[in-house]
Amino acid sequence: MFFFPSLSLSLLTSQMSSIASRANPLLHYLPHFLTWRALGFRTICSGRLGFAPSDADPLVAGTKVLETFREEFDIGSRLITLETGKIARFANGAVVLGMEETKVLSTVTASKGDSVRDFLPLTVDYQEKQFAQGLIPNTFMRREGAPKERELLCGRIIDRPLRPLFPAGFYHEVQVMASVLSSDGKQDPDVMAANATSAALMLSDIPWGGPIGVIRIGRICGQLIVNPSMDELALSDLNLVYACTRDKTLMIDVQAREISERDLEAGLRLAHPEAVKFIEPQIRLAAKAGKNKKDYTLSMMTERTIEKVRNLAESKIEAVFTDSSYGKFERGEALDNITQGVRKILEEECDEESLKVLPKAVDTVRKQVVRRRIISEGFRVDGRRLDEVRPLYCEAGYLPILHGSSLFNRGDTQVLCTVTLGAPGDAQRLVSLVGPPTKRFMLHYSFPPFSINEVGKRVGLNRREVGHGTLAEKALLAVLPPEDEFPYTVRVNSEVMASDGSTSMATVCGGSMALMDAGIPLREHVAGVSVGLVSEVDPSTGEIKDYRILTDILGLEDHLGDMDFKIAGTRNGVTAIQLDIKPAGIPLDIICECLEHALKGRLQILDHMEREISAPHTQDDINRPQLATFKFSNDALRQLLGPLGAVRRKIEDETGARFSISDGTLTVAAKNQAVMEKAKEKIDFILGREIEIGGLYKGIVTSIKEYGAFVEFNGGQEGLLHISELSHEPVSKVSDIVSVGQQLNLMCIGQDVRGNIKLSLKATLSQSRSKTGYADNESVPATKEVSKVWASVKSASDGQNELQPISELLSSRSVVNSSTSSSTPIVIRSVAECEEEEKSTSLNQGPPAAKKLARAPKGIRTKTDESSLPFSSSGISADTENTLNNKKTAAEALVSAENLKIGTKVTAKVYQIRAHGLVLDLGGGLHGMFRFQTNSKREFEVGSELRVECTSFSSKGIPIMSLVDDDE
């Protein structure tokens, strides 16, 4: 609207009226008062009459009323709510299930058109978005990507109990979408989503035979717990998910730590009535807000078609199934020929109705033949008895170059399992609303098309592969050593080479053998077997009249039977279970009866596995990948990493090893022992090691003097290579043998009384040229603790394979400060320290080399017997120096921290008695330590005098004393 301040209101109104009349002549006859602005009309523009908003009475939006229906009930100690009508109102059914602060939405929809398929296309999508916990995804796009393994597994938990309850012949596409709206991290949303989906199907117009109840049971200290929280599950030795209708079992999923069959049955008996508590609230909610069930077209075969196909094919099918000489594919080919023969007859008769459902009709007749023969005669397709396990073949170490491998055959089913060990940093990082952030044990199951003689494409994660792999993973996880004893990451790959039923249980068996082949100390072997069921149902009541339980079912028996009950465990108990059924429920009594049949079959398989490999392999193999862990100080780790990790990356590039650093622990992973030695050599050169007499080291000549050369080695430390130690032949000039910058392999041959290291080149000339870095007498870095090594090892020796100290697996490397030790830690003095000491000391004896060697720091000495060396560091003879030392030790009253040396004998008093030794008063305010030996005398009193001799010094400079025989 335009405003002209120079015009009066009446003039403006008349001008607007004329404009409006020219735009639309009909408006010329409108009363003049209609153009009055006070009446609420606004300017007429383009011939349209508009209304201006009124300041006195503004328009407001109406309030939408959402009719919400709600049910509340208790399960265990927690309040559960079912709510519908507030959100997702356009779905066929939508329910929000809440437990404390965790809420899950489940929706169901069905396609509207007629179905033209012969199966139920049920799709279950479960999703956990990070907004449910107030987080933004850390992905590049900052949004969720493809479904994660956990989401696929939760989708299977929902799918498995729902599918059997859809009516026969209902082939319309159905989609279930379950989403976690909020999560407090206390409850696992998977069971909540399954119950919410059941309620949504009850509310929808989709035909379905529910409702169902799903419950989780845990056990802590022998006490069964209903609806355990995540914290309680971490302490539980049982994680049981149970789904059922009012009187029958639909699905079981178990992860346990060798729980007995009796205890498992007790858990199932408790789970059923607790799960049934979910059913009544769903029925009440459906009565309030449910829709009438819609009439969908069902794809049903007529009795006429089934009878016609039975007459044409039954006798031929029975002949094939009674001939146990048929293999899987020979039997399949014979059945295909029968189907083609029936097709030709129907084509001649122009029976289009029967031709449309011919494959389904032949499969129905085939199913009736097999089931009737099993129930009436007790014989199976391949001629086995009902409780008989197929022939077995086991082979451990099938691929020797790998960490671990095995080949497992049960009948025509064949699985190749491999084990790869990794550093702790190789653990899988998990992104989930609940559960641990990492996973150190992974089992990946692969089912290639060639395993069933088919052509196919491998794309993305397959729900079936993820489900089978996770089942085997849970079965083996129960027997792995705890993380504090075995901190490494383990990956098991299961490659199905041939499939004829129970490949997931074959994976359990093969994986257990491969883990032992890799030297991993499993508590027990784990085996798995699949149990099937064939039942005869009363058509009028739907009750089971007769049934047979089948042990170790074939793929055909899985397809034609009523259930696939996979049970894995050790001799001591069950570790994992997965139950899938085809009918609308099986009585719990029959399920519990199957546990005993599975135990008998499992023990047969374990016998074969233990004959092949009964204990973890323990003999080292230099060609197999290696793992080692070391403890370092934070300063040493920072030095090893370098700026922005540059030093670490350089070492990894040069050696091919992989480093993982966590909580002061360095883990080195190498593909073989040679690579491991290179990596350790690099680490030692940067950080240094405890020096050990007789150890071989690599060093670089830094300076040359007339009496010898100074060599830098072991992480920046320096030692003296005397001219007498250059060669077995006389040397007149040091520079004739070595030059500055030259790299040498040297041996530590001793230490003088002042703590200076003496190196020898000629001592290495008689050694094997192959000895580098870690010889038989090498030591670990000075900042290390006694480390544990997990080397991939072969060949059982004593039947045990514990994490051994590095001193046992890689020769004697740990230093023990005792009187019986053959090597003691000593200190390297730098050239600068030697020259500084020389200025303050006037020594006139011996060659110039003596002037370059200074006193070691207080309390750090070598235990090496100087008399065993031809000359001491001062240049005088060893006998002469020993005489002088004996004269010095005679003056015991003058003993102090400055003059106490190895070999000094004193009379000390017992100052304190401790569990592992004595604290001795050496006089002059100096204390020493005497350590008890195994089976040694321990009857001492405070204040008693002892004759002792200094044998070594601890890393903190404390003298280590030993008793002296009074007869000496």
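If you check ASP188 against the conditions, is it within 21 Å of ALA94 (Cα to Cα), crowded, with 23+ Cβ neighbours inside 10 Å and charged (D, E, K, R)?
In short, yes.
Among the residues that make up region 68-83, is at least one of them assigned to a loop (DSSP other than H, G, I, E, B) and of a type in the set (Lys, Arg)? The answer is no; no qualifying residue exists.
Among the criteria (1) open to solvent by less than 40 Å² (accessible area, probe 1.4 Å); (2) hydroxyl-bearing (Ser, Thr, Tyr); (3) outside any helix (DSSP H, G or I), the one TYR326 does not fulfil is (1).
Screening region 543-553 for residues that are touching a residue at least 40 places away in the same chain (Cβ under 8 Å) and open to solvent by 10 Å² or more (accessible area, probe 1.4 Å) and picking the one that is nearest to the chain's Cα centre (by Cα) gives ILE549. Quick check on ASP684: is it open to solvent by 20 Å² or more (accessible area, probe 1.4 Å) and not hydroxyl-bearing (Ser, Thr, Tyr)? No.
Mind checking whether some residue in region 464-476 is surrounded by fewer than 21 Cβ atoms within 10 Å (Cβ to Cβ) and either touching a residue at least 60 places away in the same chain (Cβ under 8 Å) or not charged (D, E, K, R) (or both)? For region 464-476, residues surrounded by fewer than 21 Cβ atoms within 10 Å (Cβ to Cβ) and either touching a residue at least 60 places away in the same chain (Cβ under 8 Å) or not charged (D, E, K, R) (or both): absent.
Taking strands (runs of 3 or more DSSP E) as the structural unit, those lying wholly within region 331-426 and holding at least 1 residues that are farther than 23 Å from LEU603 by Cβ and open to solvent by 30 Å² or more (accessible area, probe 1.4 Å) correspond to 413-422.
Yes or no: PHE131 within 36 Å of the chain's Cα centre (by Cα) and open to solvent by 50 Å² or more (accessible area, probe 1.4 Å)? Spelling it out, PHE131 is indeed within 36 Å of the chain's Cα centre (by Cα) and open to solvent by 50 Å² or more (accessible area, probe 1.4 Å). Residues ILE613, ILE651: which one is in contact with a strand residue (DSSP E or B) (Cβ under 6 Å, 6 or more places away or on another chain) and hydrophobic (A, V, I, L, M, F, W, C)? One residue alone meets the criteria, ILE613.
Would region 667-679 turn up any residue that is more than 22 Å from LEU765 (Cβ to Cβ), assigned to a helix (DSSP H, G or I) and touching a Lys or Arg at 6+ places or on another chain (Cβ under 6 Å)? Within region 667-679, none of the residues are more than 22 Å from LEU765 (Cβ to Cβ), assigned to a helix (DSSP H, G or I) and touching a Lys or Arg at 6+ places or on another chain (Cβ under 6 Å). With respect to ARG163, determine if the residue is at pLDDT 90 or above, more than 26 Å from the chain's Cα centre (by Cα) and surrounded by 14 or more Cβ atoms within 10 Å (Cβ to Cβ). So ARG163 fits the description; yes.
Residues checked against (1) touching a Ser or Thr at 6+ places or on another chain (Cβ under 8 Å); (2) of a type outside the set (A, V, I, L, M); (3) at negative phi:
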{"position": "ALA472", "(1), (2), (3)": "yes, no, yes"}
{"position": "VAL479", "(1), (2), (3)": "yes, no, yes"}
{"position": "THR503", "(1), (2), (3)": "yes, yes, yes"}
{"position": "THR507", "(1), (2), (3)": "yes, yes, yes"}
{"position": "GLY511", "(1), (2), (3)": "yes, yes, yes"}
{"position": "ILE520", "(1), (2), (3)": "no, no, yes"}
{"position": "VAL529", "(1), (2), (3)": "yes, no, yes"}
{"position": "ASP538", "(1), (2), (3)": "no, yes, yes"}
{"position": "GLU543", "(1), (2), (3)": "no, yes, yes"}
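Among the residues of region 637-652, is there at least one that is touching a residue at least 60 places away in the same chain (Cβ under 8 Å) and either surrounded by 19 or more Cβ atoms within 10 Å (Cβ to Cβ) or within 30 Å of ARG410 (Cα to Cα) (or both)? No, every residue in region 637-652 fails to be touching a residue at least 60 places away in the same chain (Cβ under 8 Å) and either surrounded by 19 or more Cβ atoms within 10 Å (Cβ to Cβ) or within 30 Å of ARG410 (Cα to Cα) (or both).
Checked against (1) in a helix (DSSP H, G or I); (2) within 22 Å of HIS403 (Cβ to Cβ), GLU654 passes all but condition (2). Scoring ARG602 on the criteria (1) open to solvent by 10 Å² or more (accessible area, probe 1.4 Å); (2) within 29 Å of ARG373 (Cβ to Cβ); (3) of a type in the set (D, E, K, R) leaves a single failure, condition (1). Among residues that are open to solvent by less than 40 Å² (accessible area, probe 1.4 Å) and either among the basic types (Lys, Arg) or touching a Leu at 6+ places or on another chain (Cβ under 9 Å) (or both), ILE591 is included.
Within region 227-260, restricting attention to residues that are more than 27 Å from the chain's Cα centre (by Cα) and among the charged types (D, E, K, R), the residue that is least open to solvent (accessible area, probe 1.4 Å) is LYS248. Exactly one residue out of LEU201, LEU153, LEU181, LEU224 is outside any loop (DSSP other than H, G, I, E, B), closer than 24 Å to ASN92 by Cβ and open to solvent by 20 Å² or more (accessible area, probe 1.4 Å), and it is LEU181. The set of residues from region 653-668 being open to solvent by 50 Å² or more (accessible area, probe 1.4 Å) and in contact (Cβ under 8 Å) with a residue 24 or more places away in the chain comprises GLU654, ARG658, ILE661, SER662.
Consider region 277-288 and keep the residues that are of a type outside the set (Val, Ile, Thr) and open to solvent by 30 Å² or more (accessible area, probe 1.4 Å). The one that is farthest from ILE212 (Cα to Cα) is LYS288.
Going by the structure shown, is GLN187 polar (S, T, N, Q), touching a strand residue (DSSP E or B) at 6+ places or on another chain (Cβ under 7 Å), within 15 Å of VAL108 (Cβ to Cβ) and not in a helix (DSSP H, G or I)? No.
The values are calculated or read from the model by the stated rules, or taken from the named source; none is laboratory data. Just so it is clear, the structure is predicted and the values come from calculations on it, not from any experiment. Cβ coordinates were reconstructed from backbone atoms using ideal geometry, including for glycine residues, and neighbour counts include every protein chain displayed. We work out accessible area using only protein heavy atoms, side chains counted, and drop any ligands, DNA or RNA first. Shrake-Rupley method; radii C 1.70, N 1.55, O 1.52, S 1.80 Å.
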